[in-house]
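The values are calculated or read from the model by the stated rules, or taken from the named source; none is laboratory data. All figures in this text were calculated on a predicted structure; none of them were measured in a lab. Here the Cβ is made from the backbone with ideal geometry for all residues, glycine too, and neighbour counts use every protein chain on show. Accessible surface is based on the protein model in full, side chains and every heavy atom, while ligands, DNA and RNA are left aside. Shrake-Rupley method; radii C 1.70, N 1.55, O 1.52, S 1.80 Å.
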Amino acid sequence: MAMAEEEVLLFSTWPSIYGRRVEMALKLKGIEYKYIEEDLTNKSPSLLKYNPVHKKIPVLVHNGKPVAESLVILEYIDETWKNHPILPKHPYERANTRFWAKFIDEKCLPAILKACWGEDQKEREKAAEELSKLLQFLENELKGKRFFGGETIGLLDIAANTIGYWLGVFEEAAGVSELLTREKFPRLFNWANEWLTCKCHQGKSTS
Amino acid sequence: MEEVKLLGVWPSPYSYRVIWALELKGVKYEYVKEDLANKSDLLLRYNPVHQKVPVLVHNEKPIAESTVILEYIEETWPHNPLLPTDPHERAFARFWIKFLDDKSPTLVGLYLTVGEEQEKATKEVRELLKIIEEQGLGEKKYFGGDKIGLADLVFGFIPVWLGVLEESAGVKVTKPDDFPRLQVWIENFRENPVIKANLPDPHQLLAHSKQKREVLLASKIA
């Protein structure tokens, strides 16, 4: 399907979970791309040109046209390369996917940050409690499914990458292990293990 | 067969975006007024996660989050399209929709602050409007291109609510000659017959806004 003139660039940084989402999608669909590592302390003229509004990564540039914001990029990828679709067909299920992706970004990720790196023990514990409630929603959402996307990895599984890395790798993350256990979230832990085995990861360690 | 309900709240820009989308597509719906101080069982059932409005209920299936609802409406009733067909242009629309929503604390900051903080907020809003005009709107008639689209409905915050926030807060962000292209867009937006027929009463909106500001500022000081 790739044409000779097709040029796909991805501007990102190695640690960025948002950049990794885009890479997962590109790899899942077998899209060839050129990865450009940005130095955020010294942003390239290309990055400033392709994302003048936010000057952030990731930015996907397809045949010279830029797309920014990871979830926007995922939708773009799905609309442009139709193989291995990452969004469901039915509008209601698509809405459901988008709702939970937003939930992850707006609620779960901030709670994870606070739970791990909150200023004091009290703030971290409070965030961990909040996170526990939030993850319960996702736990319920996984009912009867191998992945959020069903039998195969979809957009929501990609959007949940931070949770996948975190639960999959840090089963006993310091300070939160009592609240986030395999006993409490069996489906999420199973999901994380399955998710980690996907060939669409970079193969780099996720410390 | 088709049953569409919209749970909303009168002054909310988020509810209005959905109203405008439904109206532009001629979708018949029942509007259910919610009272956020006294949430109905219906709301709690249909949006257990956030317990917020708007919620669209289509044949008993609820969809929450205004931007998710907008995309659902577009996909379910594809006539009178509100998104372009080209994936890159669609991505552009989605980028700007997210932009405005991410920046809503800055916009609302104008309204919820006083003194030096408010001066700072005013400056930030001016910068935002500049970015919106130059990068978002550019030379286009609408954010969506030649015709009104989802991004325009989201930016509808500016023509309908920004002026009200300014007036309630006693600030003026823009001078008459500022942002000429944005001003033209504002006029085009307001003149669209469907939008025009579905605007909150400006006097009521102002009164409500002023009252709410007093309450919010008092609780901040307390």
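Strands (runs of 3 or more DSSP E) wholly in the range B:21-98 with at least 2 residues that are within 13 Å of chain A (Cβ to nearest Cβ) and open to solvent by 20 Å² or more (accessible area, probe 1.4 Å) - which ones? So that I can check it myself, show each step before the final result.
On the way: elements: B:30-33, B:55-58, B:61-64.
Hits in the range B:21-98: B:61-64.
Please name all residue pairs, on different chains or six or more residues apart, with Cβ atoms under 6 Å, provided the first residue is in the range A:48-64 and is among the hydrophobic types (A, V, I, L, M, F, W, C) and the second residue is part of a strand (DSSP E or B).
These pairs meet every condition: A:Ile57/A:Phe11; A:Ile57/A:Ser12; A:Val59/A:Phe11; A:Val59/A:Pro66; A:Val59/A:Ala68; A:Leu60/A:Leu10; A:Leu60/A:Val67; A:Val61/A:Leu9.
Condition first: touching a residue at least 40 places away in the same chain (Cβ under 8 Å), under 15 Å from the mean Cα position of the chain (by Cα) and within 30 Å of B:Gly136 (Cα to Cα). Can you find one or more residues in the range B:35-53 that meet it?
Within the range B:35-53 (the criterion being touching a residue at least 40 places away in the same chain (Cβ under 8 Å), under 15 Å from the mean Cα position of the chain (by Cα) and within 30 Å of B:Gly136 (Cα to Cα)), the answer is yes, since at least one residue qualifies.
Only one of A:Glu139, A:Glu119 is at pLDDT below 90 and not in a strand (DSSP E or B). Can you tell me which? Don't jump to the end; show me each part of the working.
Working: A:Glu139 fails: at pLDDT below 90.
Just a single option satisfies the conditions, and that option is A:Glu119.
Restricting to the range B:99-111, and then to whatever is in contact (Cβ under 8 Å) with a residue 24 or more places away in the chain, more than 14 Å from chain A (Cβ to nearest Cβ) and open to solvent by less than 50 Å² (accessible area, probe 1.4 Å), can you tell me which residue is nearest to B:Ile158 (Cα to Cα)?
Among those that are in contact (Cβ under 8 Å) with a residue 24 or more places away in the chain, more than 14 Å from chain A (Cβ to nearest Cβ) and open to solvent by less than 50 Å² (accessible area, probe 1.4 Å), it is B:Leu107.
Taking B:Trp10 as meeting all but one of (1) modelled with pLDDT under 95; (2) open to solvent by 60 Å² or more (accessible area, probe 1.4 Å); (3) over 14 Å from the mean Cα position of the chain (by Cα), write down the number of the exception.
(3)
Residues being part of a helix (DSSP H, G or I) and touching a residue at least 40 places away in the same chain (Cβ under 8 Å): count how many of those fall in the range B:122-152.
Just the residues of the range B:122-152 that are part of a helix (DSSP H, G or I), to begin with: B:122-137, B:150-152.
Checking the rest, the ones that are also touching a residue at least 40 places away in the same chain (Cβ under 8 Å) come to B:122, B:125-126, B:129-130, B:132-133, B:136-137, B:150-151.
Residues flagged as part of a helix (DSSP H, G or I) and touching a residue at least 40 places away in the same chain (Cβ under 8 Å) within the range B:122-152 amount to 11.
Exactly one of these conditions fails for A:Lys199: (1) at pLDDT 85 or above; (2) assigned to a loop (DSSP other than H, G, I, E, B). Give me its number.
(1) is the only condition that A:Lys199 fails.
Being of a type in the set (Lys, Arg) and under 29 Å from B:Lys147 (Cα atoms) narrows it down to one of B:Lys39, B:Lys5, B:Lys33, so name that one.
Result of the check over B:Lys39, B:Lys5, B:Lys33: B:Lys5.
Look at B:Leu56 and say whether it is under 18 Å from B:Gly144 (Cα atoms), in contact (Cβ under 8 Å) with a residue 40 or more places away in the chain and in contact with a helix residue (DSSP H, G or I) (Cβ under 7 Å, 6 or more places away or on another chain).
Criteria not met by B:Leu56.
If we scan the range B:155-166, do we find a residue that is part of a loop (DSSP other than H, G, I, E, B) and open to solvent by 60 Å² or more (accessible area, probe 1.4 Å)? Don't jump to the end; show me each part of the working.
Applying the first criterion (part of a loop (DSSP other than H, G, I, E, B)) to the range B:155-166 yields B:156.
Applying the additional criterion that residues be open to solvent by 60 Å² or more (accessible area, probe 1.4 Å) yields none.
No: zero hits.
Would you mind telling me which numbered condition in (1) of a type outside the set (Ser, Thr, Tyr); (2) closer than 19 Å to A:His201 by Cα; (3) touching a Phe, Trp or Tyr at 6+ places or on another chain (Cβ under 9 Å) A:His54 fails?
Going through (1) of a type outside the set (Ser, Thr, Tyr); (2) closer than 19 Å to A:His201 by Cα; (3) touching a Phe, Trp or Tyr at 6+ places or on another chain (Cβ under 9 Å) one by one, A:His54 breaks only (2).
Restricting attention to the range A:172-189, does a residue exist that is assigned to a helix (DSSP H, G or I), among the polar types (S, T, N, Q), modelled with pLDDT under 90 and open to solvent by less than 80 Å² (accessible area, probe 1.4 Å)? Lay out the reasoning, then the answer.
Initial filter on the range A:172-189 (assigned to a helix (DSSP H, G or I)): A:186-189.
After this cut, where a residue has to be among the polar types (S, T, N, Q) as well, the list is none.
For the range A:172-189, residues assigned to a helix (DSSP H, G or I), among the polar types (S, T, N, Q), modelled with pLDDT under 90 and open to solvent by less than 80 Å² (accessible area, probe 1.4 Å): absent.
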